[in-house]
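The values are calculated or read from the model by the stated rules, or taken from the named source; none is laboratory data. Remember, predicted model here, so these are calculated numbers, not experimental data. Please note: Cβ atoms are built from the backbone with ideal geometry, for glycine as well, and neighbour counts cover all protein chains shown. Accessible surface is based on the protein model in full, side chains and every heavy atom, while ligands, DNA and RNA are left aside. Shrake-Rupley method; radii C 1.70, N 1.55, O 1.52, S 1.80 Å.
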Amino acid sequence: LKPAASRPPPSSAALPRRALGARSALGGAMADKGLRREGGLRAIESDAQMESSFRRLLAAIEAEREEIRGSWQQLQEDRDGTAGALELMRQETEEWCMAEKTKIDAEWKRLDRLSEKMADIWPKSFEIVKINCSGDVYEIPRGTLCSIEGSYLSELFSVENSKAIKPDTDGFYYLDINKHCFALVVEYLLNRRLRVDAPLPVVPKGQQQNMELLAEAWNLRPFLRENRMNPVNGTSLHINGNVLTATHPGWQVISALYPLPLANPYYFEVTILKNPAAGTSGGLAIGVMGHIPQGPEVHTIRLQSSVMYNSNNGVLSDVVSQADIDNVQKGVVFTAGSKFGVRHDPMTKSLQFIFNGRSIGTAAFKEDCLDRMRELFPVFALYVPEQSIQVEFRVQKDFAALQDGTAGG
C-alpha cells in the first residue's frame, strides 16, 4: 500500500453515483455562496459611497448656510450704517433748513424795515416844505427832511412841530446856517430817496470843519466821523480795533486819529482790561492833547499842550491852573475792570473826569492856552508790558446826575 498523502484522487468514473451527486451538490452550494458574497460586497460599497456623498452634501449645505449667515450679517451692518448715515443727513438737513429759515426771516424783517424807511422817504401823499437857507431856496418833501432818525432836522420839521413853528408870509421856513453845508445835506437826503445806502457827498476842504460842526449840532449821524486809533503812531503798542496792549516797558503814547468834535459836549471812556502796575505809582495815563504826539513825545507823559490823568498820581498838565489840578481827586488807581472817562465841554472849555460812573473833578483850560487847545485829541499812555485797555468813543451818559457825584447812565 502507498501512503494516503500520495494517493491520487479517485476519478469520477471510479466513484459511485451517490458520491457524484453529493459532489455536484457541494459544488453548487459553493457557487451560490460565492455569488451571495459578491453581491454583499457590492451593497457595502454602495452604502459607503452614499454616506460619503451625503456627508459632502451636508458640508456643502453647511458652507452655504455659513455664507448666507455672513451675507445676512453684512446686510445688517450695511442697513445699520445706512440708517445712521440717513439719520445724520436728516439732522444736518433739519439744521440747514432751520439756519436758512432764520436767514429768510431776518431778510424779511430787513425788507420790512426797508419798506418802512421807503414809506417814510416815498410816502403815498407828502407835504412839500419850503426852506430859505441864507438865501438859497429849497422845496423838499417833509418825509425826506425827517428821514434821518434822531436828528435835529427830523425834530424841527416833524408834523408835531410844524404847528409850533410857522413859515413866513411866502410860506418859507428860514434857516440861518451855513448854506454850503445845508446844500450837501439836502443833496444827501434827495439821493436817499433813490438809494437808502446812498454815499455821502464830497465835502469841500474849506467846509469840512463847518460840516463837522453842523453834523454834531444837528446829530446828522451819516455825516459824523467815527473816531479810531491813529495807525501811524511810532510806538510798540499792539492795536486791535480800539483795544491797546503794551508789549515793551517804558511809556508808549498814542492818540486818536481825529480830534474831538467841538459843537457839543463830548465824552469818551476807557475800560481797563489788565494792569499789572495797578498797585504801584503811575504806569497808565489818559487825557487829551492839542496835537498828535510826534517823535520823543510818544515816550513821555510830560507832554506840551496836554491834560493827562496818571493812575494814582492825578492830573499832569501845562494848560490848566494848579488850583484846578488840586481840585481833581488824586489816588484813583486804574485797576482791571475799572472805567475812566473824560468829558469835554466846549462852552465852559473844561474837562470833567469820571471814574466808575462818579465825577472826580473838573479842570478848565487857562485863557492864555486856548489857542494851543483849538483841537483836542484823546491820548492814551501805557507803561508796563501786558497792560491792556479798551477805548469807546462817543459814549452817552447822564451828566446831570454826575454833577451830584452819582453814577451816570
Over region 266-402, with neighbouring protein chains present, the accessible area per residue in Å² at probe 1.4 Å is 40 Å²
In region 250-363 the accessible area split gives carbon plus sulfur, as whole percent at 1.4 Å, a share of 53 percent
On the formula 1/(1 + (r/R0)^6), with r taken between the Cβ atoms of Met50 and Ala83 and R0 of 51 Å, the FRET efficiency rounded to 0.05 is 0.60
Once the dipole of region 198-340 is set up from charges on Cβ (+1 Lys and Arg, -1 Asp and Glu), the residue from the list Ala217, Leu273, Val253 lying farthest towards its positive end is Leu273
When the charge dipole of region 122-178 is computed with +1 on Lys and Arg Cβ and -1 on Asp and Glu Cβ about the Cα centre, the Cα farthest towards its positive end, among Tyr173, Asn161, Val137, belongs to Asn161
By the mean-Cβ-within-10 Å protection proxy, highest first, 233-240, 109-116 rank as 233-240, 109-116
Placing each pseudo-label 7 Å from Cα in the direction of the beta carbon, Glu66 and Asp326 end up separated by a distance in nanometres of 10.7 nm
Probe 1.4 Å, heavy atoms of protein chains only: per residue, the accessible area of region 136-189 in Å² is 53 Å²
The extension gain from Ala263 to Glu92, computed as 0.36 nm times the residue separation minus the Cα-Cα distance, is 56.1 nm
The pairs in Lys274/Lys330; Lys205/Lys274; Lys339/Lys366; Lys330/Lys366; Lys166/Lys205 lying past 31 Å Cα-Cα in this model are Lys205/Lys274; Lys166/Lys205
If every Lys and Arg gets +1 and every Asp and Glu gets -1 at its Cβ, then about the Cα centre region 57-209 yields a dipole, in debye to the nearest 20, of 1240 debye
To the nearest 0.05, the calculated FRET efficiency linking Gln207 and Lys166 through their beta-carbon distance, R0 being 35 Å, is 0.70
The percentage of the accessible area of region 76-195 (probe 1.4 Å, all protein chains present) made up of carbon and sulfur atoms, to the nearest whole number, is 55 percent
